[in-house]
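The values are calculated or read from the model by the stated rules, or taken from the named source; none is laboratory data. As the structure is a prediction and not an experimental result, all values here were calculated from the model. We place every Cβ from the backbone using ideal geometry, glycine too, and count neighbours over all the protein chains shown. Note: areas computed on protein heavy atoms with side chains; ligands, DNA, RNA excluded. Shrake-Rupley method; radii C 1.70, N 1.55, O 1.52, S 1.80 Å.
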Amino acid sequence: MASKQLTVHAGNHDRNECPVWAAADGLDAAASYVARDDTTGDELPAQIVPGCEGAHLVWVVPALAAGASRTYTVREGFGQGGVTVADGEHGVDVHMNGALFTTYRYAVPVVKPYLYPVIGPTGEGMTRNYPMIPDVPGEKHDHPHHKSIYVSHGEVSGADVWSEVEGHGYQRHVEFLPAYGGSGDHVSGPVLGAIRSTNNWVGSDEQKVVEDERRFTFYPLPSGARLIDVEITFRATAGPAHFGDTKEGGIISLRVATSMDASDDGRMENAIGGIGEAECWGKRAQWLDYTGPVKGETVGFAVYDHPSSFRHPTYWHARNYGLFTANPFGLHDFYANPGVDGSHVLPEGGLLRFKYRIYVHAGDTAAAQVAQRYHDYITPPEVSAAE
């Protein structure tokens, strides 16, 4: 029976419900594992994730104080719960611990793929239902192209792949790829699930302007919070791709439930201390957290921009009416200066990469430790072989 001991080093930051990845050398990629905390005796689900640079073992560390280390004995065994990713009626369903979390909707007549619904830690949907469900009492009916969580931009080589007005473009699903190498398409497991796909961005004439490869990785956390890691790579495979300077866009975009709108009882806060639209819209920040009530309980979405993303820290197109997007291109709007040009030309054959983490949490920004948990993403704990 294969086993090994690994030590997790918290580093400079407290860790709470923090995913850790370690090389899976010496472990059987076909086996199931648990990571036993050698201090408490708790056994945590662990998962082998294949990859092009070797397999990794992944588990979630419940709590570890800054400066501390903890050793885990990894052995074969089965953890409870986890993520199941499988085809469903409306797309690819993602279940966490047996309950639907979200569905990746991609098939025609979808204009561009999106995640909907998004069920939060209180068991309620946290994104607006309109226009997918058009008659939910109390919901706003503006901007029907704001579909839950999606990827989009308003001017790509002349194509409008943001709005759904006459003459708009589309994102056409091409295929699913093995999410983390290996065989098969989607990944399911006791710690995480993942979806990876390619999509052609086309104008209203269906002529391709650029393509993307996107991967969504889903983690259920012990508290009921969730993480979605988003990786998006654009490839200029139809000639140079021009990303225009417009506020109408967001490489990752969210439309929160109407009850969360900052124009009512909601609130937005960013990494530099900005609060509300006046201090967040058009500003650069490493993260933005949008919180508010859903059926009487405070919940929120924090979006973290990874330092490897193009033009990090990103600019935010964040509105009191419930939209917020990471948009690194709309500079002449954000600076209110027509002399500023935020457009970017991706040369033929070139790549443009973005990485984000969406933290779906209960409580307000402080209670959810949004600032602290950013470091789980950009400076995760180190893992070494136990001595």
Checklist line | Extreme residue, surrounded by the fewest Cβ atoms within 10 Å (Cβ to Cβ), among residues of segment 171-229 that are among the hydroxyl-bearing types (Ser, Thr, Tyr) and under 24 Å from residue 31 (Cα atoms) | finding: 183
Next item on the list: Output the residues belonging to segment 15-32 that are crowded, with 18+ Cβ neighbours inside 10 Å and at pLDDT 95 or above.
Entry: 15, 16, 17, 18, 19, 20, 22
Next item on the list: Within segment 322-333, track down each residue that is outside any loop (DSSP other than H, G, I, E, B) and either over 27 Å from residue 18 (Cα atoms) or open to solvent by 10 Å² or more (accessible area, probe 1.4 Å) (or both).
Entry: 323, 331, 332, 333
Notebook entry, point to check: Mind checking which residues of segment 230-256 are of a type in the set (A, V, I, L, M) and open to solvent by 10 Å² or more (accessible area, probe 1.4 Å)?
Noted result: 238
Item checked: Residue list for segment 226-253, restricted to those being among the small types (Gly, Ala, Ser) and either in a strand (DSSP E or B) or under 20 Å from residue 197 (Cβ atoms) (or both) -> 236, 238, 241, 249, 250, 253
Margin query: Quick check on this structure: which one of 170, 219, 180 is at negative phi, touching a strand residue (DSSP E or B) at 6+ places or on another chain (Cβ under 9 Å), among the aromatic types (Phe, Trp, Tyr) and at pLDDT below 95?
Written below: 180
Notebook entry, point to check: Pairs under 7 Å by beta carbon, first residue of a type in the set (D, E, K, R) in segment 158-179, partner surrounded by fewer than 16 Cβ atoms within 10 Å (Cβ to Cβ), six or more apart or different chains?
Noted result: 160/167; 164/144
Note to self: Can you tell me which of (1) touching an Asp or Glu at 6+ places or on another chain (Cβ under 6 Å); (2) of a type outside the set (Phe, Trp, Tyr); (3) under 15 Å from residue 190 (Cβ atoms); (4) modelled with pLDDT of 95 or more is the one residue 58 doesn't meet?
What the structure shows: (1)
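Can you tell me which of 41, 51 is under 21 Å from residue 84 (Cα atoms) and open to solvent by less than 40 Å² (accessible area, probe 1.4 Å)?
51
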Checklist line | Looking only at segment 129-156, and only at residues there that are open to solvent by 50 Å² or more (accessible area, probe 1.4 Å) and touching a residue at least 24 places away in the same chain (Cβ under 8 Å), the one that is nearest to the chain's Cα centre (by Cα) | finding: 143
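Listed here are the residues, each with its yes/no results for (1) of a type in the set (A, V, I, L, M); (2) buried (at least 19 other Cβ atoms within 10 Å of the Cβ); (3) part of a strand (DSSP E or B).
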{"site": "265", "(1), (2), (3)": "no, no, no"}
{"site": "268", "(1), (2), (3)": "yes, yes, yes"}
{"site": "288", "(1), (2), (3)": "yes, yes, yes"}
{"site": "292", "(1), (2), (3)": "no, yes, yes"}
{"site": "299", "(1), (2), (3)": "yes, yes, yes"}
{"site": "302", "(1), (2), (3)": "yes, yes, yes"}
{"site": "307", "(1), (2), (3)": "no, no, no"}
{"site": "317", "(1), (2), (3)": "no, yes, yes"}
{"site": "320", "(1), (2), (3)": "no, no, no"}
Notebook entry, point to check: Does segment 334-383 hold any residues that are open to solvent by 70 Å² or more (accessible area, probe 1.4 Å) and among the β-branched types (Val, Ile, Thr), and which are they?
Noted result: 345
Item checked: Matching residues in segment 300-350 - criterion: being farther than 27 Å from residue 140 by Cβ, touching a helix residue (DSSP H, G or I) at 6+ places or on another chain (Cβ under 7 Å) and hydrophobic (A, V, I, L, M, F, W, C) -> 340
Next item on the list: Those residues that are crowded, with 23+ Cβ neighbours inside 10 Å, of a type outside the set (Phe, Trp, Tyr) and in a loop (DSSP other than H, G, I, E, B), I need them from segment 158-170; list them, please.
Entry: 169
